[in-house]
1. Rounding to the nearest 20 debye, state how big the charge dipole of the chain is about its Cα centre with +1 on each Lys and Arg Cβ and -1 on each Asp and Glu Cβ.
2. Counting only heavy atoms of the protein chains, get the accessible area per residue of the chain (1.4 Å probe) and round it to a whole Å² value.
3. With a 1.4 Å probe and all protein chains left in place, how much of the accessible area of the chain comes from carbon and sulfur atoms, in whole percent?
4. If you take the charge dipole of the chain about its Cα centre, with +1 on Lys and Arg Cβ and -1 on Asp and Glu Cβ, which of Val54, Pro8, Ala40 is farthest toward its positive end?
5. Test of the criteria: in the chain, which chymotrypsin sites (Phe, Trp or Tyr not before Pro) are in a DSSP loop and have at most 15 other Cβ atoms within 10 angstrom of their Cβ?
6. If Val74, Val20, Val37 are ordered by their accessible area, calculated over protein heavy atoms with a 1.4 Å probe, which sequence runs from highest to lowest?
7. What whole number of Å gives the distance from the Cα centroid of region 20-49 to the Cα centroid of region 51-84?
8. How far apart, in nanometres, would the label points at Val20 and Met83 be if each is projected 7 angstrom from Cα along the Cα-to-Cβ direction?
Amino acid sequence: MRLQVVSPNEYFGEVTSDLVARRAEIRDTHLRGTSRVITAMVPLAEMFGYATTVRSLTQGRATYSMEPSHYAVVPDRVAEELME
């Protein structure tokens, strides 16, 4: 999925840490006024429950949008977990 998160700059570290934990590849970050815009690619399977998490991390001040990007091969370690 292509993901874009718009968050107040003060929560940038928390948001990016959570995205990295979700196997996101952060492609770009830039400032828009006092907000930080984060663009990333992330597996859909890792994004369930993200709305609640991002609201919690930013005190309800961040927004995000996702759109399908492409299909990719599942990493070996994830495939092994699925096979078990």
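The values are calculated or read from the model by the stated rules, or taken from the named source; none is laboratory data. Everything quoted here is computed from the prediction, not taken from an experiment. FYI the Cβ positions are ideal-geometry reconstructions off the backbone, even for glycines, and counts take in every protein chain you see. Surface accessibility is based on the protein's heavy atoms, side chains included, excluding ligands, DNA and RNA. Shrake-Rupley method; radii C 1.70, N 1.55, O 1.52, S 1.80 Å.
1. That gives a dipole near 460 debye.
2. Per residue, the chain has 67 Å² of solvent-accessible surface.
3. On the way: 2920 of 5610 Å².
After summing per-atom areas, the C and S share lands at 52 percent.
4. The Cα lying farthest towards the positive end belongs to Pro8.
5. Listed in order of number, the matching sites are Phe48, Tyr71.
6. Val20, Val74, Val37
7. Centre-to-centre (Cα) distance: 9 Å.
8. 3.0
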